[in-house]
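The values are calculated or read from the model by the stated rules, or taken from the named source; none is laboratory data. Since this is a predicted model, take the numbers as computed values, not measurements. With ideal geometry, Cβ positions are generated from the backbone for all residues, glycine too; neighbour counts draw on all protein chains shown. Quick note on the areas: whole protein, heavy atoms, side chains included, nothing else; ligands and nucleic acids left out. Shrake-Rupley method; radii C 1.70, N 1.55, O 1.52, S 1.80 Å.
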Amino acid sequence: MRPYTVTKINDDTWQIAEVYHSPAALPMYLIVGKEKAALIDTGTGMDNLRETVEEITDLPVTVFNTHSHLDHAAGNHRFDRVYMNCLEEAAARVKDGFAEEARREFVELKCMYDPEAEEIRNFALEHMLEYDPEYDIFYIEDGEEIDLGGITLTALNVPGHTFGSMVYLDRKNRNAFCGDAVNPRSSIGMFPGSPTVEIYAHSLRRLLALTPDIERYFVGHRLYSFSTQDVEDVLACAEEILAGNTGEPYPMIVSRKGPIWGRIHWHNGKRITFNENMIRKTEN
Ligand SMILES: [Zn+2]
């Protein structure tokens, strides 16, 4: 088996997803221009993603990470050229953080409640590839354009989930690829030194202001896209937290050592989990 599903979205765009269980998954996106292709994220590295990509295109493929968490960037070293925001590089170099064991545990925990996911879990336990952090990392900055030939992607920095989180816009097809910068359960302020909910709200306001032409915001960890209204709902959720809504207790990170507790607040089906000490760090 291959642990990926491949779905053609339009003539230029494929979704390649590592599917752990329904509805959780890690979608990656391949955008194929006339001269080059861009692969947005590389998953947990549970198999040779490059082979799957090369079945779709024989053009040179460059990786653009949305951020450097282990479920988005652990397949990076299989590709020749990798870009991410410079604020993400340090995390991508930490071999321990990407150890096969850590990534197997991640998939096991995701599959825990779904008996139908047993096959994928067993595959991941057996096939998780070694992560070699010594590959070249190139930097991509806010506002930079990526010319693929006939399609240009625009990179936007959307701090919130991490400081270096990037969203990639394909204005030709009216798509945005958001990683965890926008997802149905945005996780903000997981660690000290992370962006606050206030920074995240600012980022979403700016994203919406810069993307009036975008129709689909492909989110992290789900195989569907958000509309502009859905992104506005996430922003409203953040604004309610800033206005003093403290939500309910919620296990923000689950591991074998036990959960790390935070809070969760809902708005119109969208959720933000947050650390109550990381709502606002500015004085105003
Ligand atoms: Zn993440």
Check: From the list G45, G33, which residue is in contact with a Phe, Trp or Tyr (Cβ under 8 Å, 6 or more places away or on another chain) and of a type in the set (G, A, S)?
Finding: G45
Item checked: Counted residues, the stretch 67-84 - those being away from the ligand (no atom under 13 Å from the Cβ) and either free of Cβ contacts under 8 Å to residues at least 12 places away in the same chain or open to solvent by less than 50 Å² (accessible area, probe 1.4 Å) (or both) -> 6
Item checked: Search result, residues across the stretch 98-113 that are surrounded by fewer than 17 Cβ atoms within 10 Å (Cβ to Cβ) and within 22 Å of F64 (Cα to Cα) -> A99
Check: Hey, which of the helices (runs of 4 or more DSSP H) in the stretch 8-104, taking only ones fully inside, have at least 2 residues that are closer than 19 Å to E144 by Cα?
Finding: none
Checklist line | Count - residues of the stretch 25-74 that are under 22 Å from V107 (Cβ atoms) and of a type in the set (F, W, Y) | finding: 1
Item checked: Exclusive hit being within 14 Å of the ligand (Cβ to nearest atom), over 13 Å from the mean Cα position of the chain (by Cα) and among the hydrophobic types (A, V, I, L, M, F, W, C), set L30, L87, L49 -> L87
Note to self: Being without any contact (Cβ under 8 Å) to a residue 60 or more places away in the chain, over 18 Å from the mean Cα position of the chain (by Cα) and open to solvent by 70 Å² or more (accessible area, probe 1.4 Å) is true for just one of E116, E130. Which residue is that?
What the structure shows: E130
Check: Any idea which of A209, A243, A176 is small (G, A, S) and open to solvent by less than 20 Å² (accessible area, probe 1.4 Å)?
Finding: A176
Next item on the list: Inspect all residues belonging to the stretch 96-106 and state whether any of them is free of Cβ contacts under 8 Å to residues at least 24 places away in the same chain and more than 16 Å from the ligand (Cβ to nearest atom).
Entry: yes
Check: Does Y135 fit the bill of being open to solvent by 20 Å² or more (accessible area, probe 1.4 Å) and at pLDDT 95 or above?
Finding: no
Margin query: Which numbered condition in (1) away from the ligand (no atom under 16 Å from the Cβ); (2) within 19 Å of the chain's Cα centre (by Cα); (3) part of a loop (DSSP other than H, G, I, E, B) is the only one that Y135 fails?
Written below: (2)
Checklist line | Search result, residues across the stretch 138-173 that are in a strand (DSSP E or B), open to solvent by 20 Å² or more (accessible area, probe 1.4 Å) and within 16 Å of the ligand (Cβ to nearest atom) | finding: N157
Notebook entry, point to check: Under 8 Å by Cβ, and 6 or more places apart or on different chains, what pairs join a residue from the stretch 175-196 that is touching a residue at least 60 places away in the same chain (Cβ under 8 Å) and more than 21 Å from N268 (Cβ to Cβ) with one that is among the polar types (S, T, N, Q) and part of a strand (DSSP E or B)?
Noted result: N175/T13; N175/S225
